[in-house]
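The values are calculated or read from the model by the stated rules, or taken from the named source; none is laboratory data. Values in this document were obtained by computation on a predicted structure and should not be read as measured data. When we count neighbours, we look across all protein chains shown, and the Cβ atoms used for this are built from the backbone with ideal geometry, even at glycine. We work out accessible area using only protein heavy atoms, side chains counted, and drop any ligands, DNA or RNA first. Shrake-Rupley method; radii C 1.70, N 1.55, O 1.52, S 1.80 Å.
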Amino acid sequence: MSLQIEQVEGRSGLSCFVDTAWVVQAGRKTPWVPPLRVMVRDALSERRNPFYNDAERALYVARRGKQIVGRIAAIENRRHNRYHEDRVGFFGFFECLEDQEAATELIASAEYWLKERGLKASRGPISPSMNHECGLLIDGFGAPPVIMTPWNPPYYADLIEGAGYAKIQDLLGYYIPAGNKLAVPDRVRHLAERTRRRLGITFRRLDASTLKREARKIHGLYKNAWDGNWGFVPPSWDEFWHITNDLKTVLAVDFSFVAEIDDEVIGFMLIVRDLNRLLPAIPSGRLWPWNFVKLLFNVQKILSGRVVLLGLKTKHRHRGLFPLFAYEAARRALEIQAEGAEASWVLEENESIVAPLEAMGLQPYKRWRVYEKELST
């Protein structure tokens, strides 16, 4: 059956684009977790999402006859290109049946849109930025995805590589178990305690009652902490608050913390409850009123989470504080009887985080890959 690639727009086009994920995953017994459609729509909304104040996107679907077989978004992130003095375009929200022709043509359509804007390379999957969902899962397919992380079938890598893409960066996921399941070596424990006493570091609970004020402090620190890291683009305040405000319902305030020295905020760790634990009970992804009540009632019972934001002021980066942060997270998890949390996405080259985690006996259990391809003129 002949293949057609169609650019979709408007309410009906967006609905078709969002629906494609369910079409691709239909009938499969996999760990895939159906997302909330309202969240996918928000990530794509040029009207509501502040990310698009400095970005544009185009949406494409592939059909064979009347059957949808795949989708892709082409994204121009002007903020990224100014910050990195770059001319890179992005693709994201990629879903496709095991159909190389469809995948290649979808990607080619995205590439053409990017080239029209003078962009020199295509990178992805990024959906829609590095501050949202990113990477293609290439290892750890047996584990279900946690909140705000993608899961895809193994054949997706063949589809993207078959379209001429190669690895540019890998992102790692570590699972940090709580309590006695985390065998913190004595030397790490003693090092963490010595560091805390030597520097006079105190940890305090995140104050959810003044979340916007806390977010203001964390926003500035986050930009300082991650400046210079591969792919990082400092989000605007509007974008940062939009993401933080969306997460306030699932924010694990007893698990998260802010680190201070003499009342100066020098670091933080934000952990959210893994809402994905509840989403298989809503297979349609539609947030009807009864589903909303169900989520609201059960979300506080979730005892596992994900580290979504971690930051440490640049001047403190080489003072051995990451083992202390990991130890503090494990201690708090034991206090609230949490199961543990996933730390992702960790750049594979970020030794300041990778080394302390592996010193605690942890190894990556998931790996996502970001691909890139130069665009011909």
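What the table shows:
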{"read-out": "Output for region 261-275, where each listed residue is open to solvent by 30 Å² or more (accessible area, probe 1.4 Å) and in contact with a strand residue (DSSP E or B) (Cβ under 7 Å, 6 or more places away or on another chain)", "value": "ARG273"}
{"read-out": "Search result, residues across region 225-235 that are in contact with a Pro (Cβ under 9 Å, 6 or more places away or on another chain) and crowded, with 17+ Cβ neighbours inside 10 Å", "value": "TRP226, PRO235"}
{"read-out": "Residues of region 362-377 classified as open to solvent by less than 60 Å² (accessible area, probe 1.4 Å) and farther than 20 Å from ILE168 by Cβ, total", "value": "1"}
{"read-out": "Pairs where the first residue, in region 237-260, is within 19 Å of LEU296 (Cβ to Cβ) and open to solvent by 40 Å² or more (accessible area, probe 1.4 Å) and the second is in a helix (DSSP H, G or I) and not small (Gly, Ala, Ser), C-beta under 7 Å, 6+ apart", "value": "LYS248/LEU211; THR249/VAL299; ASP254/ARG332"}
{"read-out": "Close pairs (7 angstrom Cβ cut-off, 6 or more residues apart or separate chains): without any contact (Cβ under 8 Å) to a residue 12 or more places away in the chain and assigned to a strand (DSSP E or B) in region 4-24, among the hydroxyl-bearing types (Ser, Thr, Tyr) and open to solvent by less than 60 Å² (accessible area, probe 1.4 Å) anywhere", "value": "none"}
{"read-out": "Filter result for ALA110 (closer than 26 Å to ASN49 by Cα, in contact with a strand residue (DSSP E or B) (Cβ under 8 Å, 6 or more places away or on another chain) and touching a residue at least 60 places away in the same chain (Cβ under 8 Å))", "value": "no"}
{"read-out": "Unique residue being under 18 Å from PHE257 (Cβ atoms) and without any contact (Cβ under 8 Å) to a residue 12 or more places away in the chain when the list is ARG331, ARG319", "value": "ARG331"}
{"read-out": "Restricting region 296-315 to residues that are over 21 Å from the mean Cα position of the chain (by Cα) and open to solvent by less than 70 Å² (accessible area, probe 1.4 Å), the residue that is farthest from TRP345 (Cα to Cα)", "value": "ASN298"}
{"read-out": "Qualifying position, being outside any helix (DSSP H, G or I), in contact with a helix residue (DSSP H, G or I) (Cβ under 8 Å, 6 or more places away or on another chain), of a type outside the set (S, T, N, Q) and surrounded by 15 or more Cβ atoms within 10 Å (Cβ to Cβ), among ARG57, ARG63, ARG48, ARG41", "value": "ARG57"}
{"read-out": "Any hit, region 88-100, residues being open to solvent by 50 Å² or more (accessible area, probe 1.4 Å), assigned to a helix (DSSP H, G or I) and closer than 22 Å to ALA21 by Cα", "value": "yes"}
{"read-out": "Filter result (under 22 Å from the mean Cα position of the chain (by Cα) and closer than 29 Å to SER236 by Cβ) within region 83-106", "value": "TYR83, HIS84, VAL88, GLY89, PHE90, PHE91, GLY92, PHE93, PHE94, GLU95"}
{"read-out": "Qualifying position, being over 20 Å from the mean Cα position of the chain (by Cα), modelled with pLDDT under 85 and of a type in the set (A, V, I, L, M, F, W, C), among ALA330, ALA326", "value": "ALA330"}
{"read-out": "Sole exception among (1) outside any helix (DSSP H, G or I); (2) crowded, with 21+ Cβ neighbours inside 10 Å; (3) in contact (Cβ under 8 Å) with a residue 60 or more places away in the chain; (4) not β-branched (Val, Ile, Thr) for PRO34, by number", "value": "(2)"}
